[in-house]
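Let me begin by presenting the structure, written as structure tokens, before commenting on it.
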Amino acid sequence: MISPSAALPGRELPILTPGTAFHEVLGTRIDAVPADAEVAHFALGCFWGAEKLFWQLPGVITTAVGYAGGFTPNPTYEEVCSGRTGHTETVRVVFDPTKTSYIALLAAFWENHDPTQGMRQGNDQGTQYRSVIFSTNADQQLAAEASRDDFAHRLGTAGYGTITTEITPVGEFYYAERYHQQYLEKNPNGYCPIHATGVKCEPSA
């Protein structure tokens, strides 16, 4: 992991102004947060496939891909892939809590990658591919920690090792370039496998 002092300097202006971008599948603005909606952030490897996973779930209003968890302001994709920003490839999920729950999103997160792989997912290696749940409030933090403890037991029973997932407040989320948004809708043959373990999560709420 790069240190803050060694991270790339980045830039003042954003790579994408999100208010100008609309979701290719859902038709919503990718920065839309309607009244009473909630926001969640997840990093589980390559963000192309991860975003598609979440936009297909019931109750999701919009999704976007971007960068979080690092030090470089307004990084480019190339900078993130260099390992010199500290950021992860992250999916921002806006959802209607009357139609789905944060617990359900956590279940999708755990079931659709291998959270024991450290700084990688499959053949994708680097700090940008590490597993992270970025909480937006104390309730999300507690729910994420509880779900991790439960899923760790399930993984252990299935023969997997220790969970390496970070659970931390989100901080700044930087929207990725426009061509990355809903990438697999624009490029249906794009490479971005889901590294699921096959272990199921049984949310309690």
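The values are calculated or read from the model by the stated rules, or taken from the named source; none is laboratory data. This is a predicted model, so every value here is computed, not measured. So basically every Cβ, Gly included, is an ideal-geometry build from the backbone, and we count neighbours across all protein chains shown.
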Quiz item: What pairs can you find where one residue is in the range 159-173 and within 17 Å of Pro73 (Cβ to Cβ) and touching a residue at least 40 places away in the same chain (Cβ under 8 Å), the other is of a type in the set (Val, Ile, Thr) and surrounded by 15 or more Cβ atoms within 10 Å (Cβ to Cβ), and their Cβ atoms are less than 7 Å apart, with a gap of 6+ or different chains?
Solution: Val170/Thr136; Phe173/Thr90
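Which of the residues that make up the range 152-205 are of a type outside the set (D, E, K, R) and part of a strand (DSSP E or B)? Give the derivation first.
Within the range 152-205, the subset of a type outside the set (D, E, K, R) is 152-153, 155-165, 167-171, 173-176, 179-184, 187-199, 201, 203-205.
Selection gives Ile167, Thr168, Pro169, Tyr174, Tyr175.
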Quiz item: Applying the selection to the range 143-160, what residues are closer than 23 Å to Tyr67 by Cα and surrounded by fewer than 16 Cβ atoms within 10 Å (Cβ to Cβ)?
Solution: Glu145
Self-check item: Output for the range 78-135, where each listed residue is crowded, with 22+ Cβ neighbours inside 10 Å, farther than 17 Å from Ala146 by Cβ, touching an Asp or Glu at 6+ places or on another chain (Cβ under 8 Å) and not aromatic (Phe, Trp, Tyr)
Solution: Val80, Thr85, Val91, Val94, Gln121, Gln128, Arg130
Exercise. Specify the residue that is farthest from Asp96 (Cα to Cα); the eligible residues are those in the range 42-71 that are touching a Pro at 6+ places or on another chain (Cβ under 7 Å) and surrounded by fewer than 23 Cβ atoms within 10 Å (Cβ to Cβ).
Key: Phe71
Quiz item: Within the range 183-205, how many residues turn out to be under 22 Å from Thr127 (Cα atoms) and either of a type in the set (A, V, I, L, M, F, W, C) or touching a residue at least 12 places away in the same chain (Cβ under 8 Å) (or both)?
Solution: 8
Self-check item: So Ile30, is it over 23 Å from Ile103 (Cβ atoms) and touching a Pro at 6+ places or on another chain (Cβ under 6 Å)
Solution: yes
Self-check item: Residues of the range 20-34 satisfying the condition of being within 12 Å of Thr62 (Cβ to Cβ) and either outside any loop (DSSP other than H, G, I, E, B) or among the β-branched types (Val, Ile, Thr) (or both)
Solution: Phe22, Val25, Thr28, Arg29, Ile30, Val33
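How many residues are hydroxyl-bearing (Ser, Thr, Tyr) and more than 23 Å from Gln56 (Cα to Cα) when one looks only at the range 83-133? Full working, then the answer.
Just the residues of the range 83-133 that are hydroxyl-bearing (Ser, Thr, Tyr), to begin with: 85, 88, 90, 98, 100-102, 116, 127, 129, 131.
Checking which are more than 23 Å from Gln56 (Cα to Cα) leaves us with 85, 116, 127.
Summing the residues that are hydroxyl-bearing (Ser, Thr, Tyr) and more than 23 Å from Gln56 (Cα to Cα) in the range 83-133 gives 3.
Working only within the range 35-80, note down all residues that are free of Cβ contacts under 8 Å to residues at least 60 places away in the same chain and either outside any helix (DSSP H, G or I) or more than 14 Å from Gln182 (Cβ to Cβ) (or both). Break it down into steps so the answer makes sense when it comes.
First pass over the range 35-80, keeping only residues free of Cβ contacts under 8 Å to residues at least 60 places away in the same chain: 35, 54, 56-62, 78, 80.
Hits for the range 35-80 are Ala35, Gln56, Leu57, Pro58, Gly59, Val60, Ile61, Thr62, Glu78, Val80.
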Practice problem: Scan the range 94-102 and give yes if some residue there is modelled with pLDDT under 95, in a strand (DSSP E or B) and under 21 Å from Gln182 (Cβ atoms), otherwise no. | Solution: no
